[in-house]
Amino acid sequence: MAKKSCARNAWGVMQSVMVASILYGFIYLAVLLFQRGSIPKSPTDLYKNPAASVRPGFSSSDGIGTGGRVPSPKLKVEKIKPSANWFNRPESLVVPKDDFLGKRPGIDTIANLTKLVEECRGSYEKIEKMPYVQDCLNYLNNGEKEYYYTPSRGERASEQPPKLAEYLNADGADNTLDKYPSYKAASKDSLGRCNGPIVPYHTYWTGPATWRVELFIKSYFHTQNIPCSRLWIWLDGDRDKDALEKMMNQDPLFKKFLPFVERGDIVLKTWHFPSRVPLPKGDNTDGVGYYKNPGKPNSKNETVVADGLIRDGNGQEWLIVTEKKMTFLPVAVSDAVRFVILHIYGGAYFDMDVIMLRDMRPLLIGDQHSFAERWGGHPSPGDYNTAIMSLTANSTLSSYLLRGGVRMGLNFHPRVIGVMAVKDHRNKEFHMLETAAFDPIWTEFNSDRLGECSIPCFHDYGQIFKGKNAFPLKDEWEAYQGAPLKLASSSSRAHFWEMKRDVADTKEKSEEVRASQMTTTAVTTYDKNALSKTEYKIEDDQYPPTNRTMENFFRGAWTYHIHNQWRKNPEPSSWLNVIQRAQDGFFSHDRLNPYGEKWQGPSIPEYEISWEYP
């Protein structure tokens, strides 16, 4: 009886496992069907574009974003409307003003970070101004004369010897020059010369490039002082030892940026989690003290002088990180990468899902340029977000933060690091800039905003992707008090927000357009020239242009953080698409950037068309 009972129990367990497995399989296939729009054709297809994949190149804060459906790779040209398509659709129904930021800040211009904190937060204790995001944006946009300044003669960064510069290769000659050279603008054949320290901009990525990588790089070239900046893209060599070679030789999208790698604008680096990190001279024990009896040197003449610290024969101290590479935790690796890189190289770190909107240099060139942003609307002085972060290289602060993360088991989550900094009274060295500067809708997203909504008024992170369903929203421009926007000339009989469209009439016109299609399902090519010259009819457009232009996209903010949503593509006429078209116009030498400058470098191919949108 006992044997039969055991057999029945075992069979019951097996049945439960089988039912659970079948149920899980159905749920998984349903998720794949929703994510991809099709059922996998083979077992190997299950591992292509997995639904739950995570994109390193972002930080812990990116969990607040949402995903989107993977677009079909098929060219659905049969859906192209001659009267309203990607090639003849106006960018906007108002005249865009490209040079809305005025003249670029000077090479030695510094942003007073303390002033920015005071005006957009108030005090550390009360943070009375923090929820008023649009007030902060107004100050950032209109208050440059208050928070920008140029040091006195003799104290400017460009006047110091390059060998004393914080950044490696600050003079473009490995810091060997006696002084910085005269300024030379970037050109088609040269990245130019900077008459001051060259600042490194760092980001981290794994896998093949996507349109998000393209957006990040183009926003960098669109806004930054190119001769005085370098873009370092760190590719995860722990996950893929051939990551750099693949990016250089096998990546079709990144191919358009290879000329900038060859001439030095972009520096591709392989990331390997280090086993030890060099530390500056001084006490690296945070006051705990070194061992009184450190012991004998090892075979490499290295001595363990304190908990986690080694001193070599030259007196250089090293932080022992770990032999564990953490390759199984991409978010944790990404959180740690930025602290290690900035400690060694300095400069600024950016998650790849960031759009640069203004020249970052004034925030990065001062003696005290260590900062990160606030975690949404949370009031704690330790609630940092390090999606955009700057640290002085090889400094006591960067060493302290790095050692702290290592002591906590390689936990570099920004809010954990922040709690540690507050506890040890080091947080005021690490400026916390408000969300308006880098992520202006996070406070709105958390429902912590007070006062007027931002311009534009976003309520969620998906809104930037939407063209037809995000406008007209009654409150998208609720805080706008500027001059009326100048309407662009149009052959359409009215602007779409003034039109009263009849549903039956619209359906009839759609049938007429479908009958007169220039292509069929059997044809896989299209005539771009013919489509671009076809008369545009706004009443036939599913994604009609609006009054959106970059001039009114969170004016005053230095960046906009998209927050994950890696699988989405921007709809036509969305805010993201408006930004893309402004960039493409600049890189084709037809338009100006926000500082009124013409692009002098090589032409950069346009964004690929998102064919999921007819």
Q) When the range 261-287 is examined, which residues are found to be in contact (Cβ under 8 Å) with a residue 24 or more places away in the chain and under 30 Å from Ser603 (Cβ atoms)? A) Arg263, Gly264, Asp265, Ile266, Val267, Leu268, Lys269, Thr270
Q.
Could you tell me how many of the residues in the range 544-576 are open to solvent by 10 Å² or more (accessible area, probe 1.4 Å) and either over 30 Å from Gly143 (Cβ atoms) or among the acidic types (Asp, Glu) (or both)?
A. 8
Q) Counting just the residues of the range 131-156 that are touching a Gly at 6+ places or on another chain (Cβ under 7 Å) and either in a loop (DSSP other than H, G, I, E, B) or aliphatic (A, V, I, L, M) (or both), which one comes out nearest to Asn552 (Cα to Cα)? A) Leu137
Q: Quickly run through the range 172-219 and pick out the residues that are assigned to a strand (DSSP E or B) and either over 16 Å from the mean Cα position of the chain (by Cα) or not polar (S, T, N, Q) (or both).
A: Lys184, Arg193, Val199, Pro200, Tyr201, His202, Tyr204, Trp205
Q) Do you know which residues across the range 404-416 are in a helix (DSSP H, G or I), touching a residue at least 40 places away in the same chain (Cβ under 8 Å) and either β-branched (Val, Ile, Thr) or more than 25 Å from Tyr201 (Cβ to Cβ) (or both)? A) Val406, Arg407
**Q.** From the options Gly192, Gly196, Gly207, residue that is touching a Lys or Arg at 6+ places or on another chain (Cβ under 6 Å), buried (at least 17 other Cβ atoms within 10 Å of the Cβ) and among the small types (Gly, Ala, Ser)
**A.** Gly192
Q) Condition test on Gly376, is it among the small types (Gly, Ala, Ser) and touching a Phe, Trp or Tyr at 6+ places or on another chain (Cβ under 6 Å)? A) yes
Q) Taking Lys486 and the conditions (1) within 21 Å of Arg89 (Cα to Cα); (2) open to solvent by 80 Å² or more (accessible area, probe 1.4 Å); (3) at pLDDT 90 or above, which numbered condition does it fall short on, given that it satisfies the others? A) (3)
Q: Please determine, by comparing only the residues of the range 283-298 that are polar (S, T, N, Q) and closer than 14 Å to Trp318 by Cα, which one is surrounded by the most Cβ atoms within 10 Å (Cβ to Cβ).
A: Asn284
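Taking the range 326-366 only, how many residues are touching a residue at least 12 places away in the same chain (Cβ under 8 Å), part of a loop (DSSP other than H, G, I, E, B) and of a type outside the set (Lys, Arg)?
Looking only at that region, the number is 11.
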Q | Residue list for the range 369-403, restricted to those being of a type in the set (Phe, Trp, Tyr) and outside any helix (DSSP H, G or I) | A | Phe371, Trp375, Tyr384
Q: Please enumerate the residues belonging to the range 220-233 that are among the β-branched types (Val, Ile, Thr) and either outside any strand (DSSP E or B) or surrounded by fewer than 23 Cβ atoms within 10 Å (Cβ to Cβ) (or both).
A: Thr223, Ile226
Q | Boolean, Gly382 is surrounded by fewer than 21 Cβ atoms within 10 Å (Cβ to Cβ) and within 20 Å of Val419 (Cα to Cα) | A | yes
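Let's see how each residue does on (1) within 25 Å of Glu119 (Cβ to Cβ); (2) of a type in the set (Gly, Ala, Ser); (3) touching a residue at least 40 places away in the same chain (Cβ under 8 Å); (4) open to solvent by 10 Å² or more (accessible area, probe 1.4 Å):
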{"position": "Leu391", "(1), (2), (3), (4)": "yes, no, yes, no"}
{"position": "Leu402", "(1), (2), (3), (4)": "no, no, yes, no"}
{"position": "Pro440", "(1), (2), (3), (4)": "yes, no, yes, no"}
{"position": "Glu444", "(1), (2), (3), (4)": "yes, no, yes, yes"}
Q) Is the range 566-574 home to any residue that is at pLDDT below 85 and within 26 Å of the chain's Cα centre (by Cα)? A) yes
Q | Residues within the range 110-157 that are of a type in the set (S, T, N, Q) and either crowded, with 18+ Cβ neighbours inside 10 Å or closer than 28 Å to His425 by Cβ (or both), tallied | A | 5
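The values are calculated or read from the model by the stated rules, or taken from the named source; none is laboratory data. Since we're looking at a predicted model, the values are computed, not measured. FYI the Cβ positions are ideal-geometry reconstructions off the backbone, even for glycines, and counts take in every protein chain you see. To get the accessible areas, we keep the full protein, side chains included, count just its heavy atoms, and leave off ligands, DNA and RNA. Shrake-Rupley method; radii C 1.70, N 1.55, O 1.52, S 1.80 Å.
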